[in-house]
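Computed from the coordinates by the stated procedures, all read-outs in this text should not be read as laboratory data. Here the structure is a predicted model, which means the values were calculated and not measured. Note that each Cβ is placed from the backbone with ideal geometry, even for glycine, and that neighbours are counted across all protein chains shown.
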Amino acid sequence: MKTTLTVNGRSHQVEHDARRTLLDTIRDDLGLPGTKKGCDHGQCGACTILLNGERVNSCLCLTAMHDGDDITTIEGIGSPDRLSALQKAFVEKDGYQCGYCTPGQIMSATAMLREVSEGAPSYVSGDLDGAALTDAEMAERMSGNLCRCSAYPLIREAILMASEAET
């Protein structure tokens, strides 16, 4: 079957099996290895991408269901010579440790910062009128992204640093 995807601003027509996941399409068919395959069950967040602006676990998405959709991967956030504010902060705060979960963490944090700026509450928000970027808010909103190195405090420091740099 054929599916057309816009990935990092470029249109791709992909021939694939109807059972193929977005994760495998992104990595194997489009040659974008930044999106990692961790658990392949939607439990670790290593495969997090932005799908039409929302964060999703790409291992749980079938390519066939996303014809015409807009996808952003870590390669679309920045490059080695032009890092995003989050990527710079992860390097400066040593929030990447082994680096395996880092692309998913950065993709999730990108969406999280947008959610907070738009006033979307979370489970730990004090009320439904929005949220401040507290440590508890970051921990709750990033809970779908696991880090085997347990670099969570450094990851949250990097996110806070990037949010301050953008304001």
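Taking amide H positions as modeled 1.01 Å from N, with prolines and chain starts lacking one, the residues under 5 Å from LEU62 and 5 or more places away or on another chain are LEU22. The peptide list 56-63, 31-38, 12-19, put in order of mean Cβ contacts within 10 Å with the highest first, becomes 56-63, 31-38, 12-19.
Amide H to amide H distances under 5 Å link ASP69 with THR6, where only residues 5 or more positions off or on other chains count and H is placed in the peptide plane.
Per residue, the convex hull spanned by the Cα atoms of the stretch 2-77 amounts to 75 cubic angstrom.
Calculated on the Cα set of the stretch 49-135, radius of gyration then Dmax: 14.6, 41 Å. Using C-alpha pairs under 8 Å with a sequence gap of at least 6, the mean separation divided by the residue count of the chain gives a relative contact order of 23 percent. Under 12 Å from the Cβ of GLN87, count the other residues' Cβ atoms, weight Lys and Arg +1, Asp and Glu -1, and hand me the total. Net charge in that neighbourhood comes out at 0. A simple rule links phi to the HN-Hα coupling: the Karplus curve 6.51 cos²θ - 1.76 cosθ + 1.60 with θ = phi - 60°, which for the stretch 144-159 gives x, 10, 8, 10, 5, 7, 6, 8, 3, x, 6, 5, 5, 4, 5, 5 Hz, with x for Gly and Pro. Phi angles of the stretch 31-47 translate, via the Karplus equation with coefficients 6.51, -1.76, 1.60 and θ = phi - 60°, into HN-Hα couplings of x, 10, x, x, 6, 9, 9, x, 8, 6, 9, x, 9, 10, x, 4, 9 Hz per residue; Gly and Pro are given as x.
Taking other C-beta atoms within 10 Å as the exposure proxy, THR21, THR110, THR4 rank THR4, THR21, THR110 from fewest upward. The lysines whose alpha-carbon is closer than 26 Å to the alpha-carbon of LYS93, local same-chain residues fewer than 8 away aside, are LYS36, LYS37.
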